[in-house]
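J.: Take this structure, written in structure tokens, and hold onto it; I'll ask about it next.
Derivation of every value follows stated rules applied to the coordinates shown; laboratory data play no part. Just so it is clear, the model here is predicted, and its values are computed rather than measured. Using ideal geometry, Cβ is built from the backbone for each residue, glycine included, and neighbour counts are taken over all protein chains shown.
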Amino acid sequence: MPRGFPRGHVITKLTPMGRVTKPDIKKNTISTKNSFNQKRIMKTTIFILCSMIFLCCIVLHSNAFEFHWEIDETPEGQESATVVEPVQVTILDEPVKISSHSASIWLMRRYSVHLGTEWSGAHAYRLLQTFESIPQESNSSYDKDQRVTKSLWKLSDRHIQDDIEIEIHGDTKIVTVAEEAFTYAKPLLAEIEGVRGRYFSKRLHRAVIRFVTDEGADRNAIRRILRERYDVSIDVPDYTELTRHTTVEHAARFTEFKNEELMALVSMLEEFPQGMLKTPGLNYLVRRLDGTPHPLHPEAAAVAWTHAGYIEFMESAFKDTDIDFIHRLILHEKAHFLWEYLFDEQLKQDWIELGGWYENPDDRDGWSTTKQTEFVSAYAHGVNPNEDMAESISHYIVRPDKLRSRSPAKYEFIQNRIMHGTRYISKIREDLTFEVYNLYPDYVYPGRIIRIDTMVEGEPEDDKVITIVIEIHSESNLDTATKCSMRLFSEKGTSKFIALTPIDANGRYTTEGHIFHIRFGLSRYVASGFWAPDAIQLEDANRNDRYVGQNDFGWKLYIDNSLEDCDPPQYVKNSMRLSLSEETTNMGRPYQVVTAQWKVIEKSGLRHSYANMNDENLETHSRGSGRTAYNPETGIATALFVFPDYFQSGTYALNFLGMQDIAFNATGIYFTDPKHGLRDEDIIIDELPATIDIETTNPDSTPPELDLNQITINAEPTRPEDPNGETNVDITFRVRDDISGYYFSVLSLRDPQGVSHHFQHHPDRDRLFDFSPHGHIYFIGDPSVYQTYKLAITLPVGSVPGTWGLSNMRVEDRAQNNLRLDFTEIIRFKVDDGTVYSKYDVNEDGVVNILDLVIVAAFDTSNERADVTGDGVVNILDIVAVASQFGENPAAPAVNSPTPDQIQSWITQAMQADDGSPAFRKGIRVLQNLLLKMLPEATALLPNYPNPFNPETWIPYQLAKPSDVTLTIYTTNGAVIKTMKLGIQAAGMYQSRSRAAYWDGKNPLGEYVASGVYFYTLTADEFTATRKMMIKK
């Protein structure tokens, strides 16, 4: 038998045309459970004979091909998922009262944040802690005017989208924050399974990130956070150089991230433990142009190039996906860098053994596994141990119960070997949960495959009819499956996805079963030779999945095609044309249709084609084509794009064309414009895109709104007296949209095993939408008025008992704007490693710093840890005691340090209370040194950074005394490019990005200046100094 062929009996049959009969299911179903020993000798003989026939005759031309395989030994028993019990968390902390005075003052002075009267001291301090953890612009006592725009903050007990709502009133931001975001903002002392640790979430951090970055629109703020906190950048100086050893592409193949995509990236990067926030080797996050797939991995949503130092995301990572998928994908891709740079060889080897992995040259991916059920996804099972680890880590953080139920051993491995005890708990909003009751739950995986029959009918020059029958082992009605699916690959690399339907023993279709059947056609032009699946996936109604690798079953399917076509469709260069026409709906409303037309060279016929267009708005996604057609006589293909009046106006460019012929040969054509950013020696690899100007009357770029406070879920068992898991679930919600109207929603329910179940809601389209030959287009009525919708779901028999919940929703309007709602909170449990915190580390965060001084400066005697000296009161003595632990010669204060006036005030108070002790004197000296560090001895102009730069730079300086400061930038011939009058500034250091002078590389007209050398001069009263800098593009 071929190498790696699974143990079992094989029958290969070649029959002349006219004598082929349909597979007799009863005849081919061989029971080995009770009669295995009696039939073993006969089966062995047949096996040897058929193997000889197979080896000698399979390559001969014939009119039919039949293959039969059955397992050698019938499996015993059933395999089940591990039943997950809810994690019991005991909160041990007692609430600590914190004066609102100190934290609120710091928020106001540093960040121009003004809190309403409803804010408690605890809430104010948690907000201050969060602000301090985010690199950002802040105010300084040296500045005459505040750098940060004033904002007024309110607390609300309502559910708010993303926990924060920002409104602009004149020069002030009105910010409303959901109070529920503060619940776990402060690490609480807790206990899980007898282990103590800190229990907290980053929910408030996510909300504040939205404020600091203006919902992702402030790219400078985003860049700073990514650079300083995660040591990664979204600014690639040279895409040609970056991709030199990967895909070899130019910058036109890439684009900027959208605002919400950046929010997701920052949120997930923050979820890693502190020691993993900055990952060695990861330098860039890049985004491919909308509508264009990856050139090497067209099905991939993201690719991590660990040796090249970047992760690239395709549009498919974010478009038409829910927030759960997006979050797991980001974590997954970063996990590849952990595997490459942080995990040692012993850890990797232990993981390989745990997953049953072994290298297999006969597998398409080079790896196989002996296991079929201990994986969180088909992708984790189907590739290699690296991908298995990445998938498992992403679930460990976002959906830990899925990993716990599928493989407790992998969960414990990640917990102990990678996360060092840190655990994650995904908590669904309480009012969106419901109970499912079941006395007979189904945790059982579908049975193992025990039989496969394949048959091919058709002459070598004719189309083929393929019949496949698969049987799985049966112990009871719990190990059935509802789906059996696979992707068949030819030896040439072409493929076809198929899904088999369950049938009963008499061949009748059913909803679930142990036997699966499909009969389908293949063109006479598909690749000749063997076709085989890489894996087979079995799934039951309750999402218990079995993943069967190619070494777990026998398979042969031979296609004898004398007319095989192995050449993909060929696009005729420069043949793409776009034209615009107008049409009307049934109700007479106009819309526009763009027709894309191009020439194709194709010998067997075009099966499918599609095209994607982009507008000029970076925040919108690509528009995909609708109906397509191909005329084989003329070789002309067409694709239609429908443009209602709510799509964006502007110039649209067709950036990608995909085609597949009836032999499954596929090709993709990129149309990109490198503009003028390439060097002369760069090669233009793509044809310029065809463009067309479209003007619409009412463009819609705003997502629909979901009333977060009006979602109700009612669940009732269908058999309350004897519950079997079948449950009627009614979800009611309200939606409105500003222009184009609500189109559909996808709702995800998560069961106690961590498994997601997805359901779609579509409003009554015939009643709510104006119809046209191109489908439902316009919303009838006023879309801006909230309408109530109801989704009725019936969970299947066997559903997992326990607490279910609505974990997330995706709501889309007709203009393809998406609203993504995450109803979960990722709560982290960091194990107490036995660290005894210094009494000077007042907030017990492992360092003695300004946050400890803030707590002490509140002078709140109810906070026992603030009483550092233990004298029963909190006063200046405690401030001096904490300051004494900063070091005798502290570094220059950071941006978020006390102001000189505050430090001077503390020094004055401390000197008045001086008791003459060495510790007290040291504390005073530390405060004095801190003050001196903030006052330079001489005024100076410092070198700009970065230098060379593109396009922005920071120009630092220091002032020995208050001065009227002006900074002038000019060319080598003396022409002034920009003058910055910085006004009268106090003495101090202006070196950090938040305090140094900033130049965006533009002239007064807002145009980027050319590459070259420039000079900058600082004038501070009588002081003048000049330095040189360079822009290099």
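J.: Enumerate by residue number the trypsin sites (Lys or Arg not before Pro) in region 461-531 meeting two conditions: DSSP loop (anything except H, G, I, E, B), and at most 12 other Cβ atoms within 10 Å of the site's Cβ.
T.: Passing sites in region 461-531 are R508.
J.: Now, a different point. Would you mind getting the Kirkwood hydrodynamic radius of region 570-694 from its Cα pairs, rounded to one decimal in Å?
T.: One over the average 1/r among Cα pairs gives 15.7 Å for region 570-694.
J.: Also, quick follow-up: Go through K492/K599; K961/K981; K981/K1028; K496/K573 and tell me which ones have a Cα-Cα distance over 21 Å in this structure.
T.: In this structure, K492/K599; K496/K573 lie more than 21 Å apart at Cα.
J.: Roughly what % of Cα-Cα distances in region 940-1031 sit above 21 Å, to the whole percent?
T.: For region 940-1031, the fraction of Cα-Cα distances above 21 Å is 25 percent.
J.: Now for a separate question. Report D for region 705-823 in µm² per second (integer): Stokes-Einstein, Kirkwood Rh on Cα pairs, 20 °C, 1.002 mPa s.
T.: D = 137 µm²/s.
J.: K186: which aspartates and glutamates have alpha carbons under 15 Å from its alpha carbon, excluding same-chain residues fewer than 8 sequence positions away?
T.: D93, E94, E132, E825, E844, D845, D852
J.: Additional query: What pairs from K410/K830; K202/K830; K150/K258; K371/K483 go past 24 Å between their alpha carbons?
T.: K150/K258
J.: Looking at region 389-481, which GluC sites (Glu not before Pro) are in a loop (DSSP not H, G, I, E or B) and have at most 15 other Cβ atoms within 10 Å?
T.: Loop-located and lightly packed - E461, E475.
J.: Quick one: net charge of Q346's neighbours, Cβ under 15 Å, K/R +1, D/E -1?
T.: -2
J.: How large is the dipole of region 275-402 about the Cα centre if only Lys and Arg carry +1 and Asp and Glu carry -1, each at its Cβ, rounded to the nearest 20 debye?
T.: 440 debye
J.: Can you work out ³J(HN,Hα) from phi for every residue in region 216-225, in order, using Karplus 6.51 cos²θ - 1.76 cosθ + 1.60 and θ = phi - 60°, giving whole Hz and x for Gly and Pro?
T.: Going residue by residue, I get x, 6, 7, 5, 5, 5, 4, 4, 5, 4 Hz, with x marking Gly and Pro.
J.: On to the next question. For region 157-206, what is the charge dipole size about the Cα centre, in debye to the nearest 20, if Lys and Arg each add +1 at the Cβ and Asp and Glu each add -1 at the Cβ?
T.: 320 debye
J.: Ok, one more. Counting other C-beta atoms within 10 Å, and keeping those with at most 16, which DSSP coil GluC sites (Glu not before Pro) do you find in region 261-320?
T.: E299
J.: What's the exposure ranking of L708, L749, going from fewest to most Cβ atoms within 10 Å?
T.: L708, L749
J.: Of Q985, P956, V1013, which is farthest on the positive side of the dipole of region 940-1031, counting Cα position, with +1 on Lys and Arg Cβ, -1 on Asp and Glu Cβ, and the Cα centre as origin?
T.: In region 940-1031, that residue is P956.
J.: Using amide H atoms built in the peptide plane, which far-off residues or other-chain residues are under 5 Å from I977 H to H?
T.: I969, Y970, T971
J.: Then there's this: Using the Karplus curve 6.51 cos²θ - 1.76 cosθ + 1.60 with θ = phi - 60°, what ³J(HN,Hα) values do you get for each residue of region 320-330, in whole Hz, with x for Gly and Pro?
T.: Listing the rounded values in order: 6, 10, 8, 5, 4, 5, 4, 4, 5, 5, 4 Hz.
J.: Cβ under 15 Å from G626's Cβ, G626 left aside: what net charge do those residues give with Lys, Arg +1 and Asp, Glu -1?
T.: Within the 15 Å Cβ shell, the charges total +2.
J.: V965: net charge of surrounding residues, Cβ under 9 Å, Lys/Arg +1, Asp/Glu -1, itself excluded?
T.: Its environment carries a net charge of -1.
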